[in-house]
Amino acid sequence: MSQPAKSPRATAATDAPETTAGTRAAAQRLKMRRELAAAAMELFATKGYEATTVDEIAGAAGVARRTFFRHFRSKEEAIFPDHDDTLVRAEAVLNAAPAHEHPLDTVCRGIKEVMKMYAAKPAVSVARYKLTREVPTLREAEIASVARYERLFTRYLLGHFDERDHHVGNDDPLLAEVAASAVVTAHNHVLRRWLRAGGQGDVEAQLDRAFAIVRDTFGTGIGAGRTAGNEPERPAASVAADGEVLVAVARTDAPLEEVMRTIQQALKDR
């Protein structure tokens, strides 16, 4: 005998507890990772990195050794508890990007998730920065994390190129990799300067200035705005002066940041 089909309401009611349970489990996992990381940082600061054992970290967090290894493969990993989740959030930014946004602007927004992670706990971030400078193993782990972001952003930028259009003088794969690396380098430069300053200063404004340099350098060669054949690309915005008044005209699909840059440049040239 065939079973009656479940109504949408019944299905939603059945799925809701599973979704809630999954969200709760993820939150508990993240909470435990952060508690273990905090315990590790405190022990590293008081005993030193080399002298601290995994058993001591687990004990300080009030859990068993096996619980530590359910969350981290080594004590090096405990220094960077949020990179996995931050990478997921950065990828979500890329996947949800509006169609009109320039790909390089999207990548810049994506890596801001990393800065948010550091800025959420400045004191911990500064202490971690000092520790990674002292311990070669931790520097290697940090470099590996940076490489993951570069690979993510390179893949995204490559997705906005037409490989059939690849020819001498139009090395899109190289441009994608160099541009992704430039975004990460600009971010890390600002991040290190902020950490050396003790986590003080308007890091958001510093990031925007750094990204503007990257955008001006690499933005014209990347996917968005590419037109068929030899038709010239229309500018996002144009500005004309009429006495003491500037008149700006912009495409309806133009990114707001690009329009503002055009207006700002026109004001500077006056």
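Which of the residues belonging to the range 119-143 are among the small types (Gly, Ala, Ser) and either open to solvent by less than 50 Å² (accessible area, probe 1.4 Å) or in contact with a Lys or Arg (Cβ under 8 Å, 6 or more places away or on another chain) (or both)? Of everything in the range 119-143, those that are among the small types (Gly, Ala, Ser) and either open to solvent by less than 50 Å² (accessible area, probe 1.4 Å) or in contact with a Lys or Arg (Cβ under 8 Å, 6 or more places away or on another chain) (or both) turn out to be Ala119, Ser125, Ala127, Ala141.
Would you kindly identify the helices (runs of 4 or more DSSP H) lying entirely within the range 19-112 that contain at least 1 residues that are among the hydroxyl-bearing types (Ser, Thr, Tyr) and over 30 Å from Asp208 (Cβ atoms)? Steps first, answer last, please.
Values: elements: 54-61, 65-71, 83-95.
Passing ranges, in order: 65-71.
Taking the range 103-118 as the range and being free of Cβ contacts under 8 Å to residues at least 60 places away in the same chain and open to solvent by less than 10 Å² (accessible area, probe 1.4 Å) as the test, the residues that pass are Thr106, Gly110.
Which of the residues that make up the range 41-84 are open to solvent by 30 Å² or more (accessible area, probe 1.4 Å), closer than 20 Å to Ala25 by Cβ and of a type in the set (A, V, I, L, M, F, W, C)? Those that are open to solvent by 30 Å² or more (accessible area, probe 1.4 Å), closer than 20 Å to Ala25 by Cβ and of a type in the set (A, V, I, L, M, F, W, C): Val63, Ala64, Phe69.
Scanning the range 85-99 for residues being of a type outside the set (S, T, N, Q) and surrounded by fewer than 14 Cβ atoms within 10 Å (Cβ to Cβ) gives a total of 5.
Figure legend. Inter-residue proximity from the range 119-145: first residues aromatic (Phe, Trp, Tyr), second residues assigned to a helix (DSSP H, G or I), beta-carbon distance below 8 Å, spacing 6+ or different chains. Indicated pairs: Tyr129/Arg192; Tyr129/Leu195; Tyr129/Arg196.
Within the range 135-150, track down each residue that is touching a helix residue (DSSP H, G or I) at 6+ places or on another chain (Cβ under 8 Å) and either modelled with pLDDT of 90 or more or more than 24 Å from Ala97 (Cα to Cα) (or both). Before you say what the answer is, go through the steps one by one.
Step one: filter the range 135-150 for residues touching a helix residue (DSSP H, G or I) at 6+ places or on another chain (Cβ under 8 Å), giving 138-139, 141-142, 145-146, 148-150.
Selection gives Leu138, Arg139, Ala141, Glu142, Arg148, Tyr149, Glu150.
Considering (1) modelled with pLDDT under 90; (2) part of a helix (DSSP H, G or I); (3) of a type in the set (A, V, I, L, M), the lone condition that Ala240 does not fulfil carries the number (2). Taking the numbered list (1) touching a helix residue (DSSP H, G or I) at 6+ places or on another chain (Cβ under 7 Å); (2) modelled with pLDDT of 90 or more; (3) among the polar types (S, T, N, Q) in turn, Thr132 passes all entries but (2).
The values are calculated or read from the model by the stated rules, or taken from the named source; none is laboratory data. Treat the numbers as computed from the prediction; the structure is a model and nothing was measured. Positions of Cβ are backbone-derived with ideal geometry, glycine not excepted, and every protein chain shown enters the neighbour counts. Keep in mind that these areas ignore ligands, DNA and RNA; they rest on the heavy atoms of the full protein, side chains included. Shrake-Rupley method; radii C 1.70, N 1.55, O 1.52, S 1.80 Å.
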